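Here is the structure we will look at, set down as structure tokens.
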Amino acid sequence: MTTMLAHPERDEIRIAAVLQALADPVRLEIVRALARCEEGISCGVLDLGVTASTLTHHVRTLREAGVVHVRPQGTSRISSLRRADLDALFPGLLDGVLAARQ
């Protein structure tokens with residue numbers, strides 16, 4: 001049995017939650033990696049120097065803020081950036097964040 005994860009609807013996404021989620025360096029690296037891979041990736045393949053439980057926490061924070069969409073695929077969870085939603089709600093925000101120096 002596959003459990004579907006809760007995601008906020010587009011009209012439920014708030015700028016404060018998005019900015020808070022993007023403020024963490026690890027989460028920002030996750031978003032940068034997802035921006036380079038439109039089809040999505042299993043975040044477990046990213047070498048971010050954190051434990052699996054910490055990575056799960058970061059992905060959950062991004063999902064609950066409406067920054068990423070997470071879908072089950074076999075035994076993995078594939079995350080993808082909610083670029084269309086973020087661009088519609090906050091034009092230029094994501095491009096600015098991604099273009100900023102690390």
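The values are calculated or read from the model by the stated rules, or taken from the named source; none is laboratory data. Treat the numbers as computed from the prediction; the structure is a model and nothing was measured. Cβ placement follows ideal geometry from the backbone for every residue including glycine, while neighbour counts extend to all protein chains displayed.
The residue of the stretch 1-22 that is surrounded by the most Cβ atoms within 10 Å (Cβ to Cβ), among those that are at pLDDT below 95 and of a type in the set (A, V, I, L, M), is LEU5. Can ARG36 be described as within 19 Å of ASP85 (Cβ to Cβ), free of Cβ contacts under 8 Å to residues at least 24 places away in the same chain and among the basic types (Lys, Arg)? Here the answer is yes, as ARG36 does meet what is asked. ASP87 meets each of the listed conditions (1) touching an Asp or Glu at 6+ places or on another chain (Cβ under 9 Å); (2) assigned to a strand (DSSP E or B); (3) surrounded by fewer than 17 Cβ atoms within 10 Å (Cβ to Cβ) apart from (2). Output the residue which, of all residues in the stretch 61-77 that are outside any helix (DSSP H, G or I) and crowded, with 16+ Cβ neighbours inside 10 Å, is farthest from the chain's Cα centre (by Cα). Among those that are outside any helix (DSSP H, G or I) and crowded, with 16+ Cβ neighbours inside 10 Å, it is ARG77. ALA16 versus (1) closer than 17 Å to GLY96 by Cβ; (2) touching a residue at least 12 places away in the same chain (Cβ under 8 Å): which is the lone unmet condition? Evaluating ALA16 over (1) closer than 17 Å to GLY96 by Cβ; (2) touching a residue at least 12 places away in the same chain (Cβ under 8 Å) leaves (2) as the failure.
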